[in-house]
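The values are calculated or read from the model by the stated rules, or taken from the named source; none is laboratory data. Worth saying up front: this structure is predicted, and the values here are computed from it rather than measured. FYI the Cβ positions are ideal-geometry reconstructions off the backbone, even for glycines, and counts take in every protein chain you see. Ligands, DNA and RNA are stripped out before the accessible areas are found, and what is left, the full protein with its side chains, is counted by its heavy atoms. Shrake-Rupley method; radii C 1.70, N 1.55, O 1.52, S 1.80 Å.
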Amino acid sequence: MNAIVEDLNGKIRRGNPYVYELLSGLGRELYFPRGILTQSAEAKEQAYRFDATIGIATENGQPLYLPLIQETLSDYEPKELYPYAPAAGKPELRQAWREKMLRENPSLRDKSFSQPVVTSALTHGLSIVADMFAEAGDAVILPDKLWGNYNLIFSVRRGAGMKTFPFFSSEGLFNVRGLRETLLKQRTRKKAILLLNFPNNPTGYTPGEREAAGIVEAVREAAEAGINLVVVTDDAYFGLFYEDTLKESLFGRIAQIHPRVLAVKVDGATKEEYVWGFRVGFLTFSAGHPEVHRALENKAMGCIRGTVSSVTHPSQSFVLHALKSPAFRQEKEEKYLLLKERALEVKKILAADKFAEVWEPYPFNSGYFMCLRLKSVKAETLRRHLLQHYGVGVISLGDSDLRIAFSSVAKEDLAQLFELVYQGVKDLKQLRD
């Protein structure tokens, strides 16, 4: 085994042996090589005369660039755009995101956690988690209202089995009991990966404080039963909390609750800062031991080096510029209020008695989406009918669930949207009758 790998694995075993047991076969082999990038980083700090290490071109002491490109980006220095970014991301951006996490998640303030590693948005971050911790036969536990790409990331790519439980309880709350029972069924496996996504895609639901406390207690109970757990909080829509919900990531609540629990936060600027095409995400670990955190960062960097090499530099600079701007919080608040208005308008519209005959909305209080449970027509049939006859695009999920992204429809158009969906249901019922 590579000497660097031996060193990293030794640090993890000494710091927290349960985290080592959680690593997949690939995860145990991963490392960030002391090759070109490491040597280039050393040269950047120490080569005061010439730096002939990295494969970029320079001119007049700065990266070589085409003026016709630079003129569209004149607010930025060439060094903020053209060179390769470090494998773990721009240090200033990583620190700025860490400070943002601490500011927005009070439960993190007395916890030990790694420096965020920059990823090529959240899908890439989740893929790194899968590579590091998931392999054939492992159980990935998550509610049955889920983002479809989880299956591709964890099951198709890594061979893990998806173990679902009903998302909602009979009271219309997050199903803590179902989570607890599904976790405890993994006693014989001794290992599980738990995926928590709030605000949830597709339902737009975030638990309240009582539900959150139940989730944390279920995780603790599973760990005390001898199950090693990777608990992943997919915080893609973090901050978009419109009603009386938990207002922080469960990452802070779960971090350091038990030595057998490794908390992993996957988040990013993609939805939080409304820069979907920038592809800037973050991956953060909490195992209660700084040396373990550094080793996990190194393995994540090795995964990045072996796939995309590094995340796009310009996007990182753009996000860092926004985070440092005095106008950032005010502008973000304005967009948050716009989406909140749309969510509350949807609730007002759906209160009409006639809609109760044809669908039941699942509880929603956050995020971009809401879901309808159709009572009398198939979701896919309705989706096609709406697209072909009314020019309305929605997403069908299973036989009876229809996902609607209210985030992409102006407030004044929402009533018409739901009227058209209602009309589509009536059309199909008439055709059937």
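The residues in segment 140-159 that are of a type outside the set (D, E, K, R), open to solvent by 40 Å² or more (accessible area, probe 1.4 Å) and either in contact with a helix residue (DSSP H, G or I) (Cβ under 6 Å, 6 or more places away or on another chain) or in a strand (DSSP E or B) (or both) can be counted, and the count is 0. Of all the criteria given as (1) over 25 Å from GLU333 (Cα atoms); (2) touching a strand residue (DSSP E or B) at 6+ places or on another chain (Cβ under 8 Å); (3) surrounded by fewer than 22 Cβ atoms within 10 Å (Cβ to Cβ); (4) at pLDDT 95 or above, the one not satisfied by VAL232 is (3). Condition check for GLY226 on (1) open to solvent by 30 Å² or more (accessible area, probe 1.4 Å); (2) farther than 30 Å from VAL346 by Cα; (3) assigned to a loop (DSSP other than H, G, I, E, B): one failure, at (1). Quickly run through segment 275-292 and pick out the residues that are more than 19 Å from the chain's Cα centre (by Cα) and crowded, with 22+ Cβ neighbours inside 10 Å. Listed by number, the list holds a single entry, VAL292. A single member of GLY89, GLY137, GLY125 is at positive phi and crowded, with 17+ Cβ neighbours inside 10 Å, and it is GLY89. Being touching a helix residue (DSSP H, G or I) at 6+ places or on another chain (Cβ under 6 Å), under 26 Å from ASP131 (Cα atoms) and not charged (D, E, K, R) is a condition met by no residue of segment 198-209.
Within segment 405-424, can one find any residue that is open to solvent by 60 Å² or more (accessible area, probe 1.4 Å) and in contact with a Lys or Arg (Cβ under 7 Å, 6 or more places away or on another chain)? Yes. Name the residues in segment 381-404 that are open to solvent by 60 Å² or more (accessible area, probe 1.4 Å) and either within 14 Å of LEU417 (Cα to Cα) or assigned to a helix (DSSP H, G or I) (or both), would you? Within segment 381-404, THR381, ARG384, LEU387, GLN388, HIS389, TYR390, GLY391, GLY393, ILE395 meet the criteria. Per the conditions (1) open to solvent by 10 Å² or more (accessible area, probe 1.4 Å); (2) in contact (Cβ under 8 Å) with a residue 40 or more places away in the chain; (3) assigned to a helix (DSSP H, G or I); (4) not β-branched (Val, Ile, Thr), the sole criterion not satisfied by GLU99 is (2).
If the condition is being surrounded by 15 or more Cβ atoms within 10 Å (Cβ to Cβ) and in a helix (DSSP H, G or I), then segment 71-86 contributes LEU73, PRO78, GLU80. Would you point out the residue of segment 302-314, among those that are under 16 Å from ARG94 (Cα atoms) and either more than 18 Å from the chain's Cα centre (by Cα) or modelled with pLDDT under 90 (or both), that is most open to solvent (accessible area, probe 1.4 Å)? Among residues in segment 302-314 that are under 16 Å from ARG94 (Cα atoms) and either more than 18 Å from the chain's Cα centre (by Cα) or modelled with pLDDT under 90 (or both), the one most open to solvent (accessible area, probe 1.4 Å) is THR312.
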